[in-house]
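Here's the structure, in structure tokens; my notes come after.
The numbers here are math on the coordinates, done by the rules we state, and not lab data. Predicted, not measured: the structure shown is a model, and the values here were computed from it. Every residue, glycine as well, gets a Cβ built from its backbone with ideal geometry; the counts of neighbours run over all protein chains shown.
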């Protein structure tokens, strides 16, 4: 089993890629670039979601890194009364509303309703990851922010969601290099050749 790759973030100064790395590394690169030229606008994106994020870059490098470091206080869930379930496994009980025929079907499955729902959710998550839907949604969020006013954006969006890599690449060929490359990488990954 391979280790999960670390989460990456990308910072763009205008249409140019400034940094792509872990959040602390990107934050420090953005701080240095902002200090060198405070008039430039720099946007930072979460590569997993394509969403733009804001960082508090006040203070020295240690202060920035301290704010970005996970703390036990933030990671710990609020204290709640212990109830039924299997807390050592991280199980959280929540309400699910289904029709009687759906409850009947779930109850008849091996392992019962909970085990069946877990299997169905895991299978749907695998299919979502295999279909690339999450990657295309992230790429769209990024390209809407960085390329929403560029020529061919709407047609490129259609090609993106049609999973037509060749057409997408042709439509974005005139976009600024780093924006084009980053969008393609997010949506489709490296080209297998």
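Residues of the range 23-45 being outside any helix (DSSP H, G or I), without any contact (Cβ under 8 Å) to a residue 40 or more places away in the chain and touching a helix residue (DSSP H, G or I) at 6+ places or on another chain (Cβ under 9 Å), which ones?
Result: 40, 42, 44.
Inspect all residues belonging to the range 125-136 and state whether any of them is loosely packed, with under 14 Cβ neighbours inside 10 Å and not in a helix (DSSP H, G or I).
To start, the set of residues in the range 125-136 that are loosely packed, with under 14 Cβ neighbours inside 10 Å comprises 125-131, 133.
Among the residues that remain, those that are also not in a helix (DSSP H, G or I) are: none.
There is no residue in the range 125-136 that is loosely packed, with under 14 Cβ neighbours inside 10 Å and not in a helix (DSSP H, G or I).
Quickly run through the range 18-52 and pick out the residues that are out of contact with any strand residue (DSSP E or B) (no Cβ under 8 Å at 6 or more places or on another chain), over 26 Å from residue 140 (Cβ atoms) and surrounded by 15 or more Cβ atoms within 10 Å (Cβ to Cβ).
The answer is 24, 28, 31.
Among the residues of the range 159-193, write down those that are part of a helix (DSSP H, G or I) and exposed (fewer than 13 other Cβ atoms within 10 Å of the Cβ).
166, 177 - these are the residues of the range 159-193 that are part of a helix (DSSP H, G or I) and exposed (fewer than 13 other Cβ atoms within 10 Å of the Cβ).
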